[in-house]
Structure formats: structure tokens, C-alpha cells
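Here's the structure, in C-alpha cells; my notes come after.
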Amino acid sequence: MTQTPEPAGTRGAIDLSSVPGAADATAPAAPGAPGVPEGLVTEVTAATLQQALTRTVQVPGLLVLWASEHPQTRELVDTVTQVAAGMDGRVIVLTADLSTSPELLQAFQPLLTQAFGQPTVPATFGLLQGQPVPLFPGVADADQVRQAVDQLLQAAVQNGITGRADLGPVPGVSEEDAEPPVPPLHQEAYDALERGDLPAAADAYERALAADPQDEDARLGLSQVRLMERTAGVDLVAARAAAAADPSDIAAALQVADLDVLGGHVEDAFTRLVDLVRTTAGDDRDRVRTHLIELFSVVGNDDERVRKGRTALMSALF
């Protein structure tokens, strides 16, 4: 079996560039630890990765890449898990052992290289609506991890991702002080998202809105799910190329705007569509305006970028 080189470069980082994948490596222990709430940590495989990523539509995630072939990389898994355990469900943890899955290794090598200059482990990414956000390579202590998580949560709030994972009762918190339970239809939507069933999640949110048209959480959730449905399987490079080749192609512009919002480039998406409103008329203009308003709902009406976007849209219309 090919051995991964010893740590080099970033503190505690291991270069994976020469590793073809080690399917016969010793399986790791479960990523959990005593005192860690059930459901906080999910160990992903190539088969379960996409399903696990759907959990980050509503709840921000931390993705920790490590290698059981190098036990010292496990230190980061434990540190991230302990920090996340103190976040009251505001963030979940996904772990991927690249020693045991050639498919995951192949999938993550380009991402690691793009983010950190070389494919090294351990490494930690944030996850917002399934999209990876590079945090740091190598090992880190609890204070460094906590600082990175705080920054991720700020970005999550800016993008309207404010859900919490249901991890059961929090030790030391009475039932009177605990947060109210998740409404049944919302929980049904969360469960569907965890299964990767976007149509079922959308249906649950639609029924929640039918029962209570003022349910803004359901409205936000439905908008986010619709965005995920529209962007599922879309080739980002091809979509951008199509939009660049023909700026008047409304379908291409709407698709790129969706991808920008999903990737956190909210201002770019809003600017693209506001500019398109200015240069279109009739049904085309109404189509772009309606889509932009839908994206406002995805981000959340309390977001400053949405307030600026609405002002810009009014200016473009009148």
C-alpha cells in the first residue's frame, strides 16, 4: 500500500499528492467522543457525501478531512468536535477519512489544492448550503477552531442560514429554558433534506405556508430548497461561459445568479439581475424581476444586502 509522506509545510499537514487512495487502510474509530451529542458528527463516505451535505442547507457545517493512515490527524477531528459540541446545535460536523476511500481522496484533492496550495490533511472547510468554504489546513487548537467557527457562523447569518440541529437536551438546561420544539412540518422538511429528498422538503414547507402564510421560516426554507433544486447538477463553468457569451441570454443569467447566491456571492448575483432589469422590457423584464425577488427571499429580508438590492431594483424599474 502506498504510504502518505510525513507531515511537511503547514503545521501538522500531510501531503496527499502522491496517494492514489488506500481502500485497505485500517478503518477508523467512530468520530464521536464521550459527551458529544448524538447526531452532531457524521462520518461520510463517497456514497453518503451528497446526502450529508444537504444537512447544511439549514444548519452550517464543518467538514474535517483526515487520514487514519496517519493517526496524528485524528487530533483535529476531536478538537473540532469538542468545539462544535459547545455550539448548541448551531453547527454540525462531517468527517471524511481519505485513507479509506479512493473516491473521496480523488474528489477532495483538487479542492485542497485550490484552497491551500497543495492537497494536505488534516484540513477543515466550512459548509454553507452544501458549498465548501476553506477555513484552515493542518491541526489547530480549540481557540483557533472556535475563532474560525465564529467567522463561519457570521457568514451563515448573512446568507440566511440560521437553523439549529436537533441534538437532544442540552446538559444543564431546564425544559423551561430550552428552545421551543421545531414545528412538525419544519421537522419533516429537515428530515427530508437529510435524506437528500428536495421535493419532499419543498412539499413540507409549502404545507407549512398553507397553514400559516406568515411563517417566514418556512418561506425562507422553501426558497432555499427551490434554489438547490434549480442548481442541482449544473456545471458552474459551462453556466458562466454561456452567460458571458451572450449577456442577453436571460436563462443563462438567472442560472449564474442562482449559483452566485449558492456560493455566497450575493452582491454579484443581485447586481447581475438588476442590470438585466435595466436592459429588458415586457415579459422578459418581469421574469428577471420575479427571479430576483425570489433570491431576496433566499438570502432573507433582514439582510443588508437585500435592502440595498431592493433599492437598486426600484431604481432600475422606475
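The values are calculated or read from the model by the stated rules, or taken from the named source; none is laboratory data. In this text, all values refer to a predicted model and were calculated from it rather than measured experimentally. With ideal geometry, Cβ positions are generated from the backbone for all residues, glycine too; neighbour counts draw on all protein chains shown. Just the protein is used for accessible areas: all its heavy atoms, side chains included, with ligands, DNA and RNA removed. Shrake-Rupley method; radii C 1.70, N 1.55, O 1.52, S 1.80 Å.
Of all the accessible heavy-atom surface of segment 202-311, with the other protein chains kept in place and a 1.4 Å probe, what percent is carbon and sulfur?
Numbers: 2710 of 5420 Å².
Here carbon and sulfur together make up 50 percent of the probe-accessible area.
Compute the accessible area per residue over segment 78-141, keeping the other protein chains in place, probe 1.4 Å, unit Å². Kindly include the intermediate steps, with their values, before the conclusion.
On the way: 2040 Å² over 64 residues.
Using a 1.4 Å probe on heavy atoms only, each residue of segment 78-141 averages 32 Å².
At 1.4 Å probe size, with every protein chain present, just tell me what the per residue accessible area of segment 164-318 comes to in Å².
I get 55 Å² per residue for segment 164-318.
Given the C-alpha centroids of segment 183-231 and segment 242-318, what is the distance between them in whole angstrom?
When both Cα centres are located, 23 Å separates them.
Label Q214 and E229 with points 7 Å out from Cα along Cα→Cβ: what is the distance between them in nm?
Here the modelled spin labels are 2.7 nm apart.
So for each of 243-251, 97-105 I average, over its residues, the number of other beta carbons within 10 Å; can you give me the resulting order with the highest mean first? Please report the intermediate quantities before stating the final value.
Working: 243-251: 13.3, 97-105: 22.3.
Ranked by mean Cβ neighbours within 10 Å, highest first: 97-105, 243-251.
Select from segment 176-237 those GluC sites (Glu not before Pro) which occupy a DSSP coil region and have at most 10 other Cβ atoms within 10 Å, ordered by residue number.
Numbers: sites: E176, E188, E194, E206, E216, E229; in loops: E176.
Those that pass, being in a loop and sparsely packed, are E176.
Using the Cα centre as the reference, give the magnitude of the dipole from point charges on the C-beta atoms of segment 41-150 (Lys, Arg: +1; Asp, Glu: -1; all else neutral), rounded to the nearest 20 debye. If you can, show how the numbers build up before the last one.
Details: 4 positive and 10 negative charges, 55 e Å.
For this selection, approximately 260 debye.
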